[in-house]
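These notes are about the structure you will find just below.
The values are calculated or read from the model by the stated rules, or taken from the named source; none is laboratory data. On a predicted model such as this, the values are computed, not experimentally measured, just so you know. Glycine gets a Cβ as well: all are built from the backbone with ideal geometry, and neighbour counts include every protein chain shown.
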Amino acid sequence: MAAVEAGYRVRPTKPVGKLGHLRDEEFGALTSPDYLYKHQHPPGVELPAPVEDEPPYSILIWTYLSYLVLILIGHIRDFFSRHFKSESMKDLGEHDGYAPLYSDFDSFYIRRLQHRIRDCFSRPTVGVPGRYITLINRSSNDYNNTFTEDGTTTSCLNLSSYNYLGFAQSVGQCTDAAEDYINEYGISSGASRATTGTLDAHVLCEDVVADFVGKESSMLFSMGYGTNASIFSSLVDKNCLVISDELNHASIRFGSRLSGAVIKIFKHNDMHDLEKLLREQISQGQPRTHRPWKKILLVVEGLYSMEGTMTNLPRLVELRKKYKFYLFVDEAHSVGAMGPRGRGVCDYFSIDTSNVDILMGTLTKSFGATGGFVAADKAIIDRIRLTNMGSNYAEAMSPPVLGQIFSSLKTITGEINPGEGDERLQRLAFNSRYLRLGLKRLGFIVYGIDDSPIIPLLLYQPSKMPAFSRLMLEKKIAVVVVGYPATPLTSSRVRFCLSSSLTKADLDELLAATNEIGDKICLKYGSGIASDSIDGKPVRWSLSDVIANGVEDCKKPLK
Amino acid sequence: MDQSVINDWVSYINDATVVTGDFFRSLPGSSIIIRYIKSSYQDDPIRSIWEALLFIFAVHYFLASKKSYLKKNYVPLSEREVDELVNEWEPEPLVQPLQKSEQWDLSSIPVIHGAAGVKVNAVLNTTGTTKPKQVLNCASNDFLSFANDESIKAKAVEVIRQYGVGSCGPPGFYGQQKAHISFESTISKFMGAQDAIVYAQAFNTGTSVIPSFLKRGDIVIADAGINLSVQKGIQMSRVTVRWYQHNDMKDLEKVLEQTNKEFRKRPLTRRFIITEALFENSGDSPDLQKIVELKYKYKYRLMLDETWSLGILGKTGRGLLEEYPLVSRDDIEITFGSMAHALGGGGGYCIGSRSVVKHQRIGSLAVVFSASMPAYLAVCAEAAIEELSDTSSGRMAKLHKNAVRLNEILATANLRSKNKLTIISRPDSPYILVKISEKYVDENYGAMEKKLQEITDECFKEGIMITRSKRLQQYEVIPIEHTLKICASIDHSENDLNFIGSILFKAVNKVLP
């Protein structure tokens, strides 16, 4: 009864896994050993491009029309607001010889489009972002200008937090370790790492991280974004070339721009385009002077957070041998989440880590901590320690975070509570494949590779973002919807972030909810090319068939 | 060529012209266009040629891709030549491995075993031992001793038992937690602003706040002694920047006047003065009253970096504004700072009007694209601020007393050792920066730093831990000063302060005979 009162709808009868000691609302117990899967890419094989399904042209035309209408109405509203000197336009005009604080052109999209669906973003939460997340209820009486909270909360199934291995917990060995570290080390070490802020715990934790990812040495930073923002300045200068995937994260773009290096972009995951660019750049050298580049740094992400695609590491390693560039892999989303041992993309592709020069990652996403790391050969890390803004100027990582990192990594390697780490990894792998297959069979268009724990489901029209998000919230499921400018204009999407903490019953609940909403707001655009169709017509399995066959089928090679 | 082939061509072209002409005439409204063209060109054949040329140019311009324009400097090479060049190309190593002569710099990073309180067990490799030694910590930014405060630690434990450690997402995607919202309202009230926003790291607050408001074409007048975070923020925003001499109000006025004159005829863009409340690089403060006067006079907005001043300056730790009763928070459009310094936690904040904060929630990179800071850090910082608001706690009074006392002790000892050092920070600040006096100055960057490290090592051997400021000259826009950083803490007793003075100058006298 307690569970019903607390709002947790699905409760397993008898847990079979290693994690029965955790709180059910933070980490659901495993109900059958069938719900485990170990993923691995066949060694030495290039990553095939994922099959991309496309919607009918009419959908794209409607999407453009929707934006056109929104923009027109926005301009009409701007016209009248300006005409009647509305309060909302006060910041946008010149006054007393001061230019506006931000331009009305730049802010148009936010004011007139994003503002309409502001309730779908920045929903305040309280408590652990685990299997369930507690949202603070809020409502707006002034068209999303302000929100009022009535003090009540709703517990929602969490498909939105970066909690791949379910380490966001308030109990268990990791939280215990964080508590011990608070008691032993306090909240802060009181200075930057290069001055007097280095604790023995930092040194220990860096060794553990280096061992985990399979590099000689590593370095920790107190912010993941900040790691990328400062690392490039230590590696490249204006006589160097940075080649960057077009979908790389904003922090990479910020950091590489800050370094002053020349930046060239290649098409997302397009190895032909990359090779063409490499040949051109190496043969042409620096612009104007034609002197050879001092060095070329290729920057890719392991797993792309908006697409669910992975970098084609086997091919990159071949190219690296031929073209002698340095390879930088941002494992923000892949470390912990990918690979049979959770060590990231190299583990997933069975590639030796010596083929990657710099492994960077964040500790927020898989390990329930915060901050970032850079791992490389000792000689490289030693130099970075002396020349990095993050180590000389920014605050050191806070001790309880170190406790969380240390204990979660040791759990994955099996040194703490053997078996738990494997269960977490294999549940995540199963959950990812099961949900993806289910969504495809129901007829939705999803992006990304089969093993990706990030599953973007395409919504296309802008109005479907708030519709989907609000309907899901009514069903007590928290999801993230993303639109322009984070994605191309026509491919607004909802992004499911999976977690080991979700049970199969949770996923079935999610499939049922998505199926119902998909029918209601018309989202099933799948043509069938990305999934197995029985009669050549678009795939539309019934929910019961999807659930009945999913567990078996998701372990086979997916189509 | 065969006559019949030519005839074929001629008749083909003829037919095509007739068909196109018929087709064009069959279009509705085509007769009007034909009439217009006929009438407008009959007197002026030159004009027809000009217009035809213009038309061809326009078509060429639109069809020519951006790439081919950029490839002006492109050298066409055959595949074989490219292969050869690829084979020949040898890149430099990713980073140069440390030379033997640089190893000492890496060894000069002390490692603290256990908590970083006022007494620490630390290893400093440059002193030649690898055993932890108990020393007095005189280099911690945790001036008010919040990082190891028992009640704050208990609060942190309580929070991780409620929230876990990480927030698992950016603020936009369910990463904005009650703890953050509560902290934001507390700090904005404490500092006297309308609203506040938290950042996950202090250093990346400035680098992100500045580009979120300032764009190419905007104008920044910045103090030439500003810290690196602000310098990088200015660099990333691509603004037009003018520097004024550090804390020189006359020069500021001159620069303002010149800049306004220079840009008088240009369209009005955002104009900001950026300065720091307590300078990280020099430990002094600007004349805020004067800056506010100038800002109104020349119609500039003001951005103030309070990283080092929150919890240090002012009777209750509210920063530089507390020293200027005539200046209100509303006179400063944007203020940002840190919770990682005197508040003993982590992260940064930015305060200002509601619209300033609202803009950053979707317009600032380090907010949108970074996971929000852990909930426990927000709660701890909030607890620290509540303690500062409670005047009966006496922390600020104790800090000010110790700061003034340590400055006195150092000044007296310095005088006794014939002013070998110069204290450049303000005399009432617990954040003390000293540099080596003129006659010992070495032009060589490495040699200066090494000398300072020798002083640090000597101090460490005798039982106090201070540090070089360790600024990176390759990133700083302005030539750096080589300084030692000495921090007073509320946990230092009178004996400790005297001890610091005597040990420091013993070391100085040994290194600089």
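Within region B:148-161, is even one residue modelled with pLDDT under 95, on the phi > 0 side of the Ramachandran plot and in contact with a Gly (Cβ under 9 Å, 6 or more places away or on another chain)?
Within region B:148-161 (the criterion being modelled with pLDDT under 95, on the phi > 0 side of the Ramachandran plot and in contact with a Gly (Cβ under 9 Å, 6 or more places away or on another chain)), the answer is no, since none of the residues qualifies.
Could you go through region B:382-392 and let me know if any residue there is farther than 21 Å from B:Ile152 by Cβ and acidic (Asp, Glu).
No, region B:382-392 contains no residue that is farther than 21 Å from B:Ile152 by Cβ and acidic (Asp, Glu).
Does A:Ile477 count as touching a Phe, Trp or Tyr at 6+ places or on another chain (Cβ under 7 Å) and closer than 19 Å to A:Cys120 by Cβ?
Judged against the criteria, A:Ile477 is not a match.
Out of the residues in region B:475-510 meeting the condition of being in a loop (DSSP other than H, G, I, E, B) and free of Cβ contacts under 8 Å to residues at least 24 places away in the same chain, tell me which one is nearest to B:Thr412 (Cα to Cα).
Here the residue is B:Ser493.
May I ask you to say which residue of B:Gly217, B:Gly172, B:Gly164 is facing another protein chain (nearest Cβ under 8 Å), among the small types (Gly, Ala, Ser) and at positive phi?
Unique residue meeting the criteria: B:Gly164.
Identify all residues within region B:89-129 that are part of a strand (DSSP E or B) and at the interface with chain A (Cβ under 7 Å from one of its Cβ atoms); write none if there are none.
B:Val111, B:Ile112, B:His113
Being among the acidic types (Asp, Glu), under 30 Å from A:Ile529 (Cβ atoms) and in a helix (DSSP H, G or I) is the requirement here; does A:Asp78 meet it?
No: the conditions fail for A:Asp78.
Go through (1) at pLDDT 90 or above; (2) outside the structural domain of A:Asn145 (by the TED database); (3) in contact with a Ser or Thr (Cβ under 6 Å, 6 or more places away or on another chain) and name the single condition A:Pro43 misses.
For A:Pro43, the exception is condition (1).
Is it the case that some residue within region A:508-518 is farther than 25 Å from A:Pro50 by Cα, in contact with a Lys or Arg (Cβ under 6 Å, 6 or more places away or on another chain) and assigned to a helix (DSSP H, G or I)?
Looking for residues that are farther than 25 Å from A:Pro50 by Cα, in contact with a Lys or Arg (Cβ under 6 Å, 6 or more places away or on another chain) and assigned to a helix (DSSP H, G or I), one finds at least one in region A:508-518, hence yes.
(1) of a type outside the set (S, T, N, Q); (2) closer than 26 Å to A:Pro485 by Cα; (3) within 8 Å of another protein chain (Cβ to nearest Cβ): which one isn't true of B:Cys350, the others all being true?
The failed condition is (3).
What do you reckon, is A:Ala513 in contact with a strand residue (DSSP E or B) (Cβ under 9 Å, 6 or more places away or on another chain) and modelled with pLDDT of 90 or more?
yes
Taking the condition of being under 12 Å from B:Gln235 (Cα atoms) and without any contact (Cβ under 8 Å) to a residue 60 or more places away in the chain, how many residues in region B:191-218 meet it?
Selection size over region B:191-218: 3.
Do you know which residues across region A:81-137 are within 11 Å of chain B (Cβ to nearest Cβ), in contact (Cβ under 8 Å) with a residue 24 or more places away in the chain and among the charged types (D, E, K, R)?
Of everything in region A:81-137, those that are within 11 Å of chain B (Cβ to nearest Cβ), in contact (Cβ under 8 Å) with a residue 24 or more places away in the chain and among the charged types (D, E, K, R) turn out to be A:Arg111, A:Arg118, A:Arg123.
Here's the yes/no breakdown for (1) within 7 Å of chain B (Cβ to nearest Cβ); (2) among the acidic types (Asp, Glu); (3) crowded, with 24+ Cβ neighbours inside 10 Å:
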{"position": "A:Glu149", "(1), (2), (3)": "no, yes, no"}
{"position": "A:Asn158", "(1), (2), (3)": "no, no, yes"}
{"position": "A:Gly166", "(1), (2), (3)": "no, no, yes"}
{"position": "A:Asn183", "(1), (2), (3)": "yes, no, no"}
{"position": "A:Gly190", "(1), (2), (3)": "yes, no, yes"}
{"position": "A:Ala194", "(1), (2), (3)": "yes, no, yes"}
{"position": "A:Asp200", "(1), (2), (3)": "yes, yes, no"}
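Look at A:Ser88 and say whether it is in contact with a Ser or Thr (Cβ under 7 Å, 6 or more places away or on another chain), modelled with pLDDT under 85 and not in a loop (DSSP other than H, G, I, E, B).
yes
Only one residue in B:Ile226, B:Ile210 is closer than 25 Å to A:Gly190 by Cβ and aliphatic (A, V, I, L, M), so which one is that?
B:Ile226
Go through (1) of a type outside the set (Gly, Ala, Ser); (2) modelled with pLDDT under 95; (3) in contact with a helix residue (DSSP H, G or I) (Cβ under 8 Å, 6 or more places away or on another chain) for A:Leu297 and report which single condition fails.
It is condition (2) that A:Leu297 fails.
For region B:191-198, does any single residue satisfy the condition of being out of contact with any Leu (no Cβ under 7 Å at 6 or more places or on another chain) and either of a type in the set (Phe, Trp, Tyr) or facing chain A (nearest Cβ under 10 Å) (or both)?
Within region B:191-198, not a single residue is out of contact with any Leu (no Cβ under 7 Å at 6 or more places or on another chain) and either of a type in the set (Phe, Trp, Tyr) or facing chain A (nearest Cβ under 10 Å) (or both).
For region A:436-457, how many residues meet the condition of being at pLDDT below 95, under 18 Å from the mean Cα position of the chain (by Cα) and aliphatic (A, V, I, L, M)?
Counting residues in region A:436-457 that are at pLDDT below 95, under 18 Å from the mean Cα position of the chain (by Cα) and aliphatic (A, V, I, L, M) gives 2.
Okay, residues lined up against (1) facing another protein chain (nearest Cβ under 8 Å); (2) part of a helix (DSSP H, G or I):
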residue	(1), (2)
A:Gly361	no, no
A:Gly368	yes, no
A:Ala375	no, no
A:Ile405	no, yes
A:Glu415	no, no
A:Leu428	no, yes
A:Arg441	no, yes
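Could you figure out which of (1) in contact (Cβ under 8 Å) with a residue 12 or more places away in the chain; (2) within 14 Å of chain B (Cβ to nearest Cβ); (3) surrounded by fewer than 18 Cβ atoms within 10 Å (Cβ to Cβ) isn't true of A:Arg315?
With respect to (1) in contact (Cβ under 8 Å) with a residue 12 or more places away in the chain; (2) within 14 Å of chain B (Cβ to nearest Cβ); (3) surrounded by fewer than 18 Cβ atoms within 10 Å (Cβ to Cβ), A:Arg315 is out only on (2).
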